[in-house]
Amino acid sequence: MSMRIGIDLGGTKIEGIALGPDGAIQVRRRVPTPKQYKPILEALAEVVDAIESAVKERGTVGIGIPGTVMPATGVVKNANSVALNGQTFARDIEERLGRPIRLMNDANCFALSEAADGAAAGASVVFGVILGTGVGGGIVVDGKIIVGVNQITGEWGHNPLPWPKRSEVPGPPCYCGKRGCIEAFLSGPSLARDHETHTGKKLSTRDIVQGANEGEKEPMKTMERYHDRLARAISSVINLLDPDVIVLGGGMSNVVGLAEETQKRLPEYVFSDTIETRLVHNMHGDSSGVRGAAWLWPIASA
């Protein structure tokens with residue numbers, strides 16, 4: 001099989017693509033994500049069927065999910081598509097499709113896509129960052145995803161914010177049960193909450209960013225805090241992993257100048273006289289997750 005199918009199984013939509021040997025998307029299909037587990041399996045299978053009917057070829061299938069698989073049991077945990085939690089999803093969808101599949105966390109798929117032929121193409125060590133409703137990440141070394149024995153590699157969002165200031169302690173509560181997590185400071189909703197905390201004004205993330213771009217004082221201060229916190233959080237990753245490239249993804253990555261504003265703050269925190277790590281915006285945008293799922297199968301195996 002020379003055609004690779006990638007599926008991005010999200011909380012609101014299931015998106016599938018056919019990826020050609022040259023990395024070009026040949027076909028794209030998208031359907032709403034059902035709320036119940038068995039309908040999710042059927043909807044996913046129907047997307048695969050529709051893609052294969054369109055290209056008239058059977059393909060390998062890689063799937064990105066917003067969660068992880070527990071190594072000991074094979075069941076899904078921490079998925080925001082909550083119907084997947086506690087289910088042996090990989091086994092069940094393999095049975096439904098009648099072929100082996102490859103399954104990976106969606107942040108890992110994002111990192112793989114950008115390392116394969118995106119903003120980090122050719123780099124040896126890549127850290128892919130998701131800054132959205134949540135904060136996650138993935139690590140790719142020499143073209144291979146590093147999963148980890150606990151399947152949590154790249155979960156930097158649930159480390160504490162480094163070098164906290166007095167006003168940042170103990171930090172806002174995080175859904176994981178702790179306080180002061182990076183995610184609780186750097187997710188999109190956290191930016192809006194931070195602005196309200198400091199100003200008493202409730203604005204959307206979009207309005208805060210727009211206000212800062214237009215030179216409004218309070219939104220500019222909110223974004224300054226965000227840039228500094230992101231620089232601290234990324235510096236701790238550089239100090240530990242020392243990647244060639246860090247690629248920003250997720251909704252917050254669309255903020256104009258985010259990579260540049262954060263990059264120039266890194267020297268204050270990185271334990272090095274020189275910083276060769278490049279902090280860049282992603283190349284493939286919202287398609288990175290689904291493309292990375294397809295890339296779970298190398299060309300030679302496809």
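The values are calculated or read from the model by the stated rules, or taken from the named source; none is laboratory data. In this text the structure is predicted, and so the values were computed from the model without any measurement. Backbone-built Cβ (ideal geometry, glycine too); neighbour counts: all protein chains shown. Please note that ligands, DNA and RNA were not included when accessible areas were found on the heavy atoms of the full protein model with its side chains. Shrake-Rupley method; radii C 1.70, N 1.55, O 1.52, S 1.80 Å.
Of all residues in the stretch 17-51, those that are free of Cβ contacts under 8 Å to residues at least 40 places away in the same chain, in contact with a strand residue (DSSP E or B) (Cβ under 9 Å, 6 or more places away or on another chain) and under 16 Å from GLY98 (Cα atoms) total 3. The residues of the stretch 238-258 that are open to solvent by 20 Å² or more (accessible area, probe 1.4 Å), over 20 Å from GLY285 (Cα atoms) and part of a helix (DSSP H, G or I), listed by number, are ASN239, LEU240, LEU241.
Beta carbons closer than 6 Å, at least 6 apart along the sequence or on distinct chains, pair a first residue in the stretch 162-186 that is surrounded by 15 or more Cβ atoms within 10 Å (Cβ to Cβ) with a second that is charged (D, E, K, R) and not in a helix (DSSP H, G or I) for GLY171/ARG179.
Residue-wise test of (1) of a type outside the set (A, V, I, L, M); (2) touching a Phe, Trp or Tyr at 6+ places or on another chain (Cβ under 6 Å).
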| residue | (1), (2) |
| --- | --- |
| ALA43 | no, no |
| ALA50 | no, no |
| SER53 | yes, no |
| VAL61 | no, no |
| GLY67 | yes, no |
| ALA72 | no, no |
| GLN87 | yes, yes |
| GLY98 | yes, no |
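Please determine whether any residue of the stretch 290-301 is more than 21 Å from the chain's Cα centre (by Cα), surrounded by fewer than 22 Cβ atoms within 10 Å (Cβ to Cβ) and in contact (Cβ under 8 Å) with a residue 60 or more places away in the chain. Checked against the condition, which is being more than 21 Å from the chain's Cα centre (by Cα), surrounded by fewer than 22 Cβ atoms within 10 Å (Cβ to Cβ) and in contact (Cβ under 8 Å) with a residue 60 or more places away in the chain, the stretch 290-301 yields at least one hit.
Determine whether ARG58 is of a type in the set (D, E, K, R), in contact with a helix residue (DSSP H, G or I) (Cβ under 9 Å, 6 or more places away or on another chain) and at pLDDT 95 or above. So ARG58 fails the test. If you check GLU183, GLU261, GLU224, GLU196 for being in contact with a Lys or Arg (Cβ under 7 Å, 6 or more places away or on another chain) and assigned to a helix (DSSP H, G or I), only one passes: GLU196. Of all residue pairs spaced 6 or more apart or on separate chains, those with beta-carbon atoms under 8 Å, a first member in the stretch 200-223 that is more than 19 Å from THR133 (Cα to Cα) and a second member that is not in a helix (DSSP H, G or I) are GLY211/LEU203; ASN213/VAL256; GLU218/LYS201; PRO219/LEU203. Has the stretch 122-145 got at least one residue that is among the hydroxyl-bearing types (Ser, Thr, Tyr), touching a residue at least 12 places away in the same chain (Cβ under 8 Å) and open to solvent by 30 Å² or more (accessible area, probe 1.4 Å)? Yes, some residue in the stretch 122-145 is among the hydroxyl-bearing types (Ser, Thr, Tyr), touching a residue at least 12 places away in the same chain (Cβ under 8 Å) and open to solvent by 30 Å² or more (accessible area, probe 1.4 Å).
LEU44 meets each of the listed conditions (1) part of a strand (DSSP E or B); (2) buried (at least 21 other Cβ atoms within 10 Å of the Cβ); (3) not small (Gly, Ala, Ser) apart from (1). Within the bounds of the stretch 75-91, is there any residue that is part of a helix (DSSP H, G or I), open to solvent by 50 Å² or more (accessible area, probe 1.4 Å), closer than 29 Å to GLY154 by Cα and of a type in the set (Lys, Arg)? Within the stretch 75-91, one or more residues are part of a helix (DSSP H, G or I), open to solvent by 50 Å² or more (accessible area, probe 1.4 Å), closer than 29 Å to GLY154 by Cα and of a type in the set (Lys, Arg). Please determine, by comparing only the residues of the stretch 1-17 that are open to solvent by 10 Å² or more (accessible area, probe 1.4 Å) and under 18 Å from PRO66 (Cα atoms), which one is modelled with the lowest pLDDT. Going through the qualifying residues, I end up with GLY11.
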